[in-house]
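These notes are about the structure you will find just below.
The values are calculated or read from the model by the stated rules, or taken from the named source; none is laboratory data. This structure is a prediction, so every number in the text was calculated from the model and none was measured. We place every Cβ from the backbone using ideal geometry, glycine too, and count neighbours over all the protein chains shown. Heavy atoms of the whole protein, side chains included, go into the accessibility calculation; ligands, DNA and RNA do not. Shrake-Rupley method; radii C 1.70, N 1.55, O 1.52, S 1.80 Å.
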Amino acid sequence: MKPYVLVSACRNEDAYIEGLIDGIAAQTVRPLRWVIVDDGSTDDTYAHAAARGRDLGFLQIVRMPGGRPRSFTSQVFAAGHGCQLIKELKFDFVGFLDADIRIEPDYFERLIKFFEDDPRLGLGGGAVVDQYGDRIENVRHGSEDSHVAGGVQFFRRQCFEQIGGYVAIDGGGQDTIADVMSMMHGWRIRAFRELPALHLRPDGFAKENVIRGGMKWGRKFYLLGYHPLFYVAQCLRRLGRDPVLVGSLCQLVGFTVASIKSEPRPVSAAFVRFLRKNQMRRLLNTVAIGKRGSF
């Protein structure tokens, strides 16, 4: 089976890091190299990962300079640092895995088989299901051919190098940019429902002030270039999700305010056109056939 490498950017993941390492150690096909980049943790993430790594020859633990606030841009820089450490190795696939993800022992063996069966598959991953106190929920159902969650993105090396890696964007969205850029280069992407990936910390913006958190989410999707009609439809679909009603309304306000301000986007006009064309196709298809789920 073709070799793969993994990169995980972590900060203050002491509660999750050992479980993640145990999950990769149990894989039927282990990575050629796995780099865990500690992004300035103030807890025992590094110590626990380093202690566990002594028993696993494929695992490398490194530190990024501390003192920086945690953000999506710092996460991208940490992931990029990990990529630099493995770029000279001979591998066919590179994956990015968050600390709060749990997968089955045959996850990567099966995932690589999907890639081997489809030479145009450039980006794939499992179907992320969120674990709450009283339920497990797949909120991304229906978007399998257009989005692979950032916590489990797994690239064919050629695809990842063609898109230039991850783009650091204020407020997040690097996974969406990777989705779109992969498709723009002619690659297929797919989140496989046959490969569930359990997400242990699906807090979204629930821990923030609801208004501020919703506004930030709305602004993020404006910056990514979302079509206004598509985003309104998404917010309507999420009205009943916690925080009920208020969350969706705040996201719409954030999107609208950013639109009025005409904030500059970190993506090209060609990117926005491609994304919006794809979104409207998905939206019209959903309306036409009454398909439910995440469009």
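Ligands, DNA and RNA excluded, the heavy atoms of K87 present near 100 Å² of accessible surface to a 1.4 Å solvent probe. Solvent exposure of the chain, expressed per residue, is 47 Å² of accessible area, with all protein chains present and a 1.4 angstrom probe. For segment 39-159, a crude dipole built from +1 on the beta carbon of Lys and Arg and -1 on the beta carbon of Asp and Glu, taken about the Cα centre, is about 520 debye to the nearest 20.
Think of it as helices only: each DSSP H run of n ≥ 4 in the chain is worth -39500 (n - 2.57), and spread over all residues that comes to -13000 deg cm²/dmol at 222 nm. Comparing D145, D179, D39 in a Gaussian network model of the chain where C-alpha atoms under 10 Å apart are linked, the largest mean-square fluctuation is found at D145. For the chain, a crude dipole built from +1 on the beta carbon of Lys and Arg and -1 on the beta carbon of Asp and Glu, taken about the Cα centre, is about 1240 debye to the nearest 20.
A probe of 1.4 angstrom, applied to the heavy atoms of all protein chains, finds E263 with accessible area near 40 square angstrom.
When each of the peptides 190-196, 170-176 is scored by how many other beta carbons lie within 10 Å of its residues on average, the order from highest to lowest is 170-176, 190-196. Shape call for segment 1-116 from the C-alpha gyration tensor, a ≥ b ≥ c root eigenvalues: rounded (a/c under 1.5), prolate (a/b greater than b/c) or oblate? Here segment 1-116 falls in the prolate category. Of the solvent-accessible surface of segment 91-134, computed with a 1.4 Å probe over protein heavy atoms with every protein chain present, carbon and sulfur atoms account for 45 percent. Each of A288, H185, L59 was scored by the projection of its Cα onto the charge dipole of the chain, and the greatest displacement toward the positive side belongs to A288; charges sit on the C-beta of Lys, Arg, Asp and Glu. Sequence-distant contacts, meaning Cα pairs under 8 Å at least 6 residues apart, place the relative contact order of the chain at 17 percent.
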